[in-house]
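The values are calculated or read from the model by the stated rules, or taken from the named source; none is laboratory data. Given the structure is predicted, the values throughout are model-derived calculations rather than measurements. All Cβ positions, even for glycine, are placed from backbone atoms using ideal geometry, and neighbour counts span all protein chains on display. In case anyone asks, the SASA skips ligands and DNA or RNA and just uses the protein heavy atoms, side chains included. Shrake-Rupley method; radii C 1.70, N 1.55, O 1.52, S 1.80 Å.
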Amino acid sequence: MRQAVLSPDGKSRSMATHGVSHRRQGSLFASEEGEALEKLATTSSYLSGRGETKDFNAHDVIEECDALLQTIFFSVVRETTSEEFLAKLQGVYDGSEAFGKTGEPKDFEAMKKLLETMEVDESLQFASAYSNLLNLHNISEQVANAMEERHKRLDDIPRGPAKSTNGAIKGLIRSGKTIEEIYAALSRQHVDLVLTAHPTQALRRSMLKAFGKVREKLLQLQRFRLSRFERAEILDEIRSNIAAAWRTDEIRRTPPKPQDEMRAGLTYFQQTIWDCVPTFMRRVDTALLANGCGRLPLDRSIVTFGSWMGGDRDGNPFVTSECTRDVVLLARVQGTNFLFSTIQKLLFELSMWRCNDTVKRLANDILATSETDKNAIFEERKRRNYDDFWKAIPEHEPYRVILAMLRDKLYNTREALQKCVTDPNVSIDVNDDSIIRTKEEIYEPLVACYESLIEVKDDQIANSLLLDVIRQVQCFGLGLVKLDIRQESDRHAEALDAVTRYIGLGSYIEWSEDQKIEWLTSELMSKRPLIPHDLECSADVREVLDTCKMIAHLQQTCPGSLGTYVISMATSASDVLAVVLLQRECGCREKDVLRVAPLFERLDDLNDAPRVLRQLFSVKWYLDHINGFQEVMIGYSDSGKDAGRMAAAWALYEGQERVVAAGNEFNVAMTLFHGRGGTVGRGGGPAHIAMLSQPPGTVNGSIRVTVQGEVIESDFGERENCFHTLDLYTASVLEHSLKPPSHPDDKWRAVMDRMSEYSCAHYRKTVFETPEFVQYFAQATPGSELGSLNIGSRPAKRKPNAGVTALRAIPWIFAWTQSRFHLPVWLGISASFKRLIEEGELQTLRDMYKRWPFFEVTIDLVEMVLAKADPVVVAYYEKALVDESLHDFGAKLRGELESSIDVILTVSEHIGLLVQPEKTEENANEARRMQQKLKHKLEKRNLYITPLNVCQVRFLKQARALEHEEDGEKLSMRKVKITMLEGYPFQDFNYKGAVNDVLKITMKGIAAGMQNTG
């Protein structure tokens, strides 16, 4: 018997499976499948195990990885299900491929009929298989991206401008900047990457780990020379992890807690970030040294990390003050573990005896206050099970004396932290000298060692592992990340309202803004306590006060663990002053009060932000308090949901300019915190083009950016991609600071003003003023079913009322992405562009696209999303799920989608989506190559996504019928016929549970295929 297996080009490829010979004894050795895989690998250009090649073609790498992974996956499927089921998978693939080539409704119908013949258990297995295939294809692309980045660094292939720090330095020198200017800019530059508290990662960690191992092994096949046995062992491990992912329940049966989210986020530090940061910093050093400069300064890090996981309480009732304490301690335990292991390694390295007087005195001081009984020292270190150096370290090894002291203190610190984690009543003793609380306590002895080695001419030793450890200490401290606190402005106002009512001053909420500022300022200047100990208040107010008390506690016991206090829905200067006052009244010393960043996210708030900041800076007490520095967060998510993508993009652009200008008036340096999501609808897109399209004068060497959901995995899940991410941000911030884009023409600004007005009016009229819209959204998308995915701890809505307004931006985008409509990205574009063209502005729009980076990037990202949209699939969702009375409204929306495509092509002068005409610009070849790569990527994914869409519609219909039809309860009691899924988690439930499981897996699969959830 021979079984057809999918090849990456869509053609059938046969694989021998005589009898039951494919049922191996846990190894590919001495099996026909193993021989077939060995042949497939050895005939590959990139996965042969013959070592790294100089040639590189991303398309070929993806094809070869897909071929290998698909062959293994279908072998696993056949082994665990049946030949009949595998044939059905093949049939659906062939039908999807035919539809992809023709776009004909008859081919779509043929594929749909195949899917409708499957029973619910087969459908569940089908959805899971295609979800796995899409995740395996993601791995192929990640491997290709990692290989491409490495080949670019090896100069095997050209790299685009400003995509590496070294490239940015060279480009700036060519543009006339001196190396001294570049060094000074880099030395004071700071990029803070903030992993957010609402990770929209649909995959379970178990699946991510299995797929991560597959990715790692594929890179080993590509990079190293391997013996036949080594290659077979790697193939075995790839198969093992693919099988593990296939046999794992991919549905989260319970929602994660915020503590789980933090633990998941910390795994990326263990996998890549901890080791990658010093490697990257060393590479920047090398680029500087090559151009006649010294290394980067030791006293700061050009990149750091923040987090919202367990700190973002905006609309999330599960993030409490105790939760915040937990995640700070968890991160600190992890960071202390990393430092402890690193110091143990460093103990082996620094065996030399030559040192300067500073280190000699430090070592002598340590020995003078240490235990002198050598046997006691040995027994204690034996009890602690240190890696080595149990005996007392002799005084003629001063570096080891210092490092041994740090090792002991880190061990004690870890023990103390773990006691705090397990017992909420235990706290760090701030007077305990045997533990470390601040990063300076590690940094200063290490720098003393470094400077001593330099002084005694052991430069090479100083600039080896010791330098890396100093860089890790500066970047990560003890806690790896600085946790931001976020809360909605109304909650702070309610807390102060409870106080003013209780002490007889009336209602704070009812006061005017001037009254609030006057009272807040007087209280900030006052030395008497404000909040009574016996204050009577609601649970919500108590939680706000408990959070501020926890901030004060953590600032003293775990200094350096907290970052910024972000106020969402900020609208006034009093919102900021209120948070400063609450922190101080709840126990924060002046030096411990967190910096406060208002978050301007809705359109009106963005437009009003400069006025708010001017009013805030006019308060002398506050201006003195911030000492010339202010952070402001701008929200991409809610602004897009509130006004549409084009109006939001322009409001964000102008908002940044005006915010910085407001700061300049008061000599306040502004750091902008960009709340970007993973999708274009929430401000997502490639990091380097996003940075380089920011308004001139708004970056100035300092920037904070959120990294969300599946973007965390793509940016930091693999070592090469982690390095590339750090390189991109550093390079783009450096270039933008020293060589910012030019200011747009006044005419372009006027056109953007009109475009924003027209598109916003149309968007809001459609979304908020058209009665049919909410009904259409609820019926045509799986929006109401998304909560069952359990992809995050935070509820999908801020408040439990219905409607678009209360819905969060992530599920809003997720729902439209699932149905391939992508409405939030393009709604309003057609109406505004058509009107501008009618007003005679077509040539102006084309000039803007060619000469203005902001506008070019905005249009290109919209074009990319439009290429992901599929009107046939959208129409299918509508026909199957939407009430007939709404079909005319749906047809109107689909007409706008088609019209949006037309106007985008008209303005960009592209001959088709992602198809550029010939250009004479220097980067034309690179642009065409990238567009072709993206086009092929989308076509490849559609082969799997479209069948999942069809499957999703079928089971959305069934799930809703079970909820609403009279015989729903009767039908829900029908037991699932178990043919392939013995022991599956839904087995003990009912038919309704099985239907919902199919639905959930299609959502996860489509999210994997579209490479975003929200």
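Is it true that some residue in the range 59-77 is of a type in the set (S, T, N, Q), within 22 Å of residue 247 (Cα to Cα) and not in a helix (DSSP H, G or I)? No: zero hits. Tell me whether the range 840-850 contains one or more residues that are at pLDDT 95 or above, under 16 Å from residue 895 (Cβ atoms) and hydrophobic (A, V, I, L, M, F, W, C). No: zero hits. Inclusion of residue 613 among residues that are within 24 Å of residue 513 (Cβ to Cβ), more than 30 Å from the chain's Cα centre (by Cα) and not polar (S, T, N, Q) is not warranted.
For residue 581, indicate whether it is part of a helix (DSSP H, G or I) and either open to solvent by less than 20 Å² (accessible area, probe 1.4 Å) or not assigned by the TED database to the domain that holds residue 495 (or both).
Working: part of a helix (DSSP H, G or I): yes; either open to solvent by less than 20 Å² (accessible area, probe 1.4 Å) or not assigned by the TED database to the domain that holds residue 495 (or both): yes.
Judged against the criteria, residue 581 is a match.
Checking 528, 471, 486 one by one, the residue that is modelled with pLDDT under 95 and charged (D, E, K, R) is 528 and no other. If you go through the range 227-243 one residue at a time, do you hit one that is touching a residue at least 60 places away in the same chain (Cβ under 8 Å), surrounded by fewer than 22 Cβ atoms within 10 Å (Cβ to Cβ) and touching a Pro at 6+ places or on another chain (Cβ under 9 Å)? No: zero hits.
To keep it simple, each residue is scored yes or no on (1) under 30 Å from residue 994 (Cα atoms); (2) at pLDDT 90 or above.
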| residue | (1), (2) |
| --- | --- |
| 105 | yes, no |
| 110 | yes, yes |
| 113 | yes, yes |
| 130 | yes, yes |
| 137 | yes, yes |
| 142 | no, no |
| 153 | no, no |
| 157 | no, no |
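Examine the range 56-71 for a residue that is modelled with pLDDT of 75 or more, under 24 Å from residue 138 (Cα atoms) and more than 33 Å from the chain's Cα centre (by Cα), and state whether such a residue exists. Looking for residues that are modelled with pLDDT of 75 or more, under 24 Å from residue 138 (Cα atoms) and more than 33 Å from the chain's Cα centre (by Cα), one finds none in the range 56-71, hence no.
In the range 262-279, the residue that is nearest to residue 329 (Cα to Cα) out of those that are touching a Phe, Trp or Tyr at 6+ places or on another chain (Cβ under 9 Å) and open to solvent by less than 70 Å² (accessible area, probe 1.4 Å) is 269.
With respect to the conditions (1) closer than 29 Å to residue 140 by Cβ; (2) in contact (Cβ under 8 Å) with a residue 40 or more places away in the chain; (3) not charged (D, E, K, R), residue 324 falls short on a single one, namely (1). Residue count for the range 34-74 satisfying the condition of being more than 16 Å from residue 230 (Cβ to Cβ) and either among the small types (Gly, Ala, Ser) or not assigned by the TED database to the domain that holds residue 229 (or both): 4.
Does residue 90 satisfy the condition of being in a helix (DSSP H, G or I) and farther than 19 Å from residue 237 by Cβ? Yes, satisfied.
When residue 925 is tested against (1) under 26 Å from residue 867 (Cβ atoms); (2) modelled with pLDDT under 50; (3) open to solvent by 60 Å² or more (accessible area, probe 1.4 Å), just one condition goes unmet, and that condition is (2). Of all residues in the range 232-264, those satisfying the criterion of being of a type in the set (D, E, K, R), in contact with a helix residue (DSSP H, G or I) (Cβ under 6 Å, 6 or more places away or on another chain) and modelled with pLDDT of 85 or more are 237, 239. Pairs only if they're at least six apart or on different chains, beta carbon under 7 angstrom, first in the range 104-125 and free of Cβ contacts under 8 Å to residues at least 60 places away in the same chain and surrounded by fewer than 22 Cβ atoms within 10 Å (Cβ to Cβ), second in a helix (DSSP H, G or I) and among the hydrophobic types (A, V, I, L, M, F, W, C); list them, first residue then second. Listed by first residue and then by second, the contacts come to 107/98; 107/99; 114/92; 118/126.
Whether a residue is surrounded by 21 or more Cβ atoms within 10 Å (Cβ to Cβ), among the acidic types (Asp, Glu) and in contact (Cβ under 8 Å) with a residue 24 or more places away in the chain was assessed, and residue 55 does not pass this test. Among residues that are modelled with pLDDT of 90 or more, in contact with a Ser or Thr (Cβ under 7 Å, 6 or more places away or on another chain) and either in the same structural domain as residue 145 (by the TED database) or hydroxyl-bearing (Ser, Thr, Tyr) (or both), residue 730 is included.
Out of 496, 465, I need the residue that is in the same structural domain as residue 346 (by the TED database) and either hydrophobic (A, V, I, L, M, F, W, C) or touching a strand residue (DSSP E or B) at 6+ places or on another chain (Cβ under 7 Å) (or both). Which one?
Numbers: 496 fails: in the same structural domain as residue 346 (by the TED database).
The match here is 465.
Scanning the range 232-267 for residues that are within 25 Å of residue 1003 (Cα to Cα) and among the aliphatic types (A, V, I, L, M) returns 242, 243, 244, 245, 251, 262, 264.
Rundown of residues vs (1) touching a Phe, Trp or Tyr at 6+ places or on another chain (Cβ under 9 Å); (2) within 30 Å of residue 259 (Cβ to Cβ); (3) of a type outside the set (Ser, Thr, Tyr), yes/no style:
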residue: 391; (1), (2), (3): yes, no, yes
residue: 410; (1), (2), (3): yes, yes, yes
residue: 417; (1), (2), (3): no, yes, yes
residue: 444; (1), (2), (3): no, no, yes
residue: 464; (1), (2), (3): no, no, no
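Against the condition open to solvent by 10 Å² or more (accessible area, probe 1.4 Å), closer than 26 Å to residue 515 by Cα and not in a helix (DSSP H, G or I), how does residue 559 come out, does it pass? Full working, then the answer.
Details: open to solvent by 10 Å² or more (accessible area, probe 1.4 Å): yes; closer than 26 Å to residue 515 by Cα: no; not in a helix (DSSP H, G or I): yes.
Spelling it out, it is not the case that residue 559 is open to solvent by 10 Å² or more (accessible area, probe 1.4 Å), closer than 26 Å to residue 515 by Cα and not in a helix (DSSP H, G or I).
Do the conditions hold for residue 564, that is, is it crowded, with 20+ Cβ neighbours inside 10 Å and assigned by the TED database to the domain that holds residue 694? Judged against the criteria, residue 564 is a match.
So which residues in the range 218-263 are closer than 30 Å to residue 308 by Cβ and in a helix (DSSP H, G or I)? Steps first, please.
Kept after step one, since they are closer than 30 Å to residue 308 by Cβ, are these residues of the range 218-263: 245, 248-263.
Across the range 218-263, the qualifying residues are 245, 258, 259, 260, 261, 262, 263.
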